[in-house]
Amino acid sequence: MKKVVFLLVLLLPGIIFSYVGMLDDFDTALKLAKIEDKEAIVMFSDTSCVYCVKFVKETLADETVQDLLKAGFVFSQIYKSNPGNASYVVGEEWKEMSYGELYAYFQIRGTPTFWFFTSENALLTNLPGYVPAKDFTTILRFLGERAYETATFEDYRSKESTFMGEPKIVRVSEEDYNYVLQNDPIAREYKDQEVDKFTVWLTKDESTAESLLEEGVFRVILLN
């Protein structure tokens, strides 16, 4: 897929909170995105990065940003000092590397830098620097709606969009079902609870899955 290129105009940030769905592991983010048929966003960060903290406390505090992320993305913030290894495709093979090597592979020269991936883990685009909530909302809608296939970012941002995501049922194996349940902070197994359409609901019953979809749930994980 061609790399999407867009320019951003920085605006003032919003309120201070956190994002409950944020992960801290590269591999987990990409695997969840693939299982749940979502796009992945990896925020390459640094412990001394003032603008990384600002993004987490202000941009990720925005309610619309959080809803868009829950509906169609898996978000992870990682650090060069992360323990363990990560893996990604180098050439035609998956290669395991340290997080330091991962930063070098993705050519991270400053933080925050965001890399966006398709649901198949292919590179979509990258974005260096702090982004305020209003602009990040537009970016998420632009990518989630796949508007880049027919329009430039500048054309897209000049029009009003209310896109939030695409509700769908994803059929998975038992192994993937359990992986989502154990690793996605916003995933819950459905047992007649009150339905929040931004929660990733898991069920083993076809009719329950269809009912959740009818209620507007953006991602229903059904044991195949």
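Every number here is computed from the coordinates shown, using simple stated rules; none is lab data. Just so it is clear, the structure is predicted and the values come from calculations on it, not from any experiment. Note that we place each Cβ from the backbone using ideal geometry, even for glycine, and neighbour counts take in every protein chain shown.
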Selection from the stretch 97-120 of residues surrounded by 14 or more Cβ atoms within 10 Å (Cβ to Cβ) and under 15 Å from Ala40 (Cβ atoms) yields Leu102, Phe106, Thr113, Phe114, Trp115, Phe116, Phe117, Thr118, Ser119
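Yes/no matrix, rows are residues, columns are (1) loosely packed, with under 13 Cβ neighbours inside 10 Å; (2) without any contact (Cβ under 8 Å) to a residue 24 or more places away in the chain; (3) more than 18 Å from the chain's Cα centre (by Cα); (4) under 17 Å from Ala40 (Cβ atoms):
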position: Glu174; (1), (2), (3), (4): yes, no, yes, no
position: Tyr177; (1), (2), (3), (4): no, no, yes, no
position: Leu181; (1), (2), (3), (4): no, yes, no, no
position: Asp184; (1), (2), (3), (4): no, no, no, yes
position: Glu194; (1), (2), (3), (4): yes, yes, yes, no
position: Lys197; (1), (2), (3), (4): no, no, no, no
position: Thr203; (1), (2), (3), (4): no, yes, yes, no
position: Ser211; (1), (2), (3), (4): no, yes, yes, no
position: Ile221; (1), (2), (3), (4): no, no, no, yes
Restricting the stretch 21-50 to residues that are among the charged types (D, E, K, R) and part of a helix (DSSP H, G or I), the one nearest to Met97 (Cα to Cα) turns out to be Asp27
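Identify all residues within the stretch 51-71 that are under 15 Å from Gly129 (Cβ atoms), over 16 Å from the mean Cα position of the chain (by Cα) and assigned to a helix (DSSP H, G or I); write none if there are none.
Within the stretch 51-71, Tyr51, Cys52, Val53, Lys54 meet the criteria.
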Which ones in the stretch 145-170 are in a helix (DSSP H, G or I), surrounded by 10 or more Cβ atoms within 10 Å (Cβ to Cβ) and within 21 Å of the chain's Cα centre (by Cα)?
Ala147, Tyr148, Phe153, Tyr156, Arg157
